[in-house]
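Before any comments, here is the structure.
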Amino acid sequence: MHCFVYASQRKADTYVWLQQRDNFKPIPASLAMLLGDLRFVLEVELHAQRRLPHEDVEVVMEHLRTQGWHLQLPPQQTLAAPPATSDADAGLVEGAALNRDDAPE
């Protein structure tokens with residue numbers, strides 16, 4: 001399966017894989033808005049034996065077949081904003097650090 005990879009200009013290390021070059025129509029409008037401008041970076045042939053550094057090739061190919069695109073996020077990240085921490089949570093973290101520093105040797 002031939003595909004085309006684009007880098008988000010707004011979200012670092014975020015890529016969109018497309019089944020057709022420059023065909024951004026399948027990407028949901030809300031996602032396109034979050035990603036901003038996309039810059040072409042790679043044309044690649046995918047097959048079951050191909051290894052990808054950060055993605056499962058079978059998942060990528062399935063997304064391309066069923067929806068025409070695949071979103072690759074940076075490792076351990078999502079597009080959602082990080083959860084807000086409360087002052088109590090911050091105190092627990094600070095307290096843990098203080099306890100470690102004050103521990104007898």
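Quick note: the coordinates plus some simple rules give every number you see, no bench work behind them. For clarity, every value in this text was computed on a predicted model and none was experimentally measured. Don't worry about glycine lacking a Cβ; one is built from the backbone with ideal geometry, like all the others, and counts go over all protein chains shown.
Could you calculate the contour length gain from Ala12 to Glu43, that is, 0.36 nm times the residue separation minus the distance between their Cα atoms, to one decimal place in nm?
Details: separation 31, 0.36 × 31 = 11.16 nm, distance 1.95 nm.
Length gained, Ala12 through Glu43: 9.2 nm.
Please give me the summed charge of the neighbours of Leu52: other residues whose Cβ is under 13 Å from its Cβ, Lys and Arg +1, Asp and Glu -1. Mind dumping the intermediate values first?
Numbers: positive: Arg50, Arg51; negative: Glu45, Glu55, Asp56, Glu58.
So the environment of Leu52 carries a net charge of -2.
Between Gln67 and Met33, how many nm apart are label points set 7 Å from Cα along the C-beta direction?
Using points 7 Å along Cα→Cβ, the separation is 1.7 nm.
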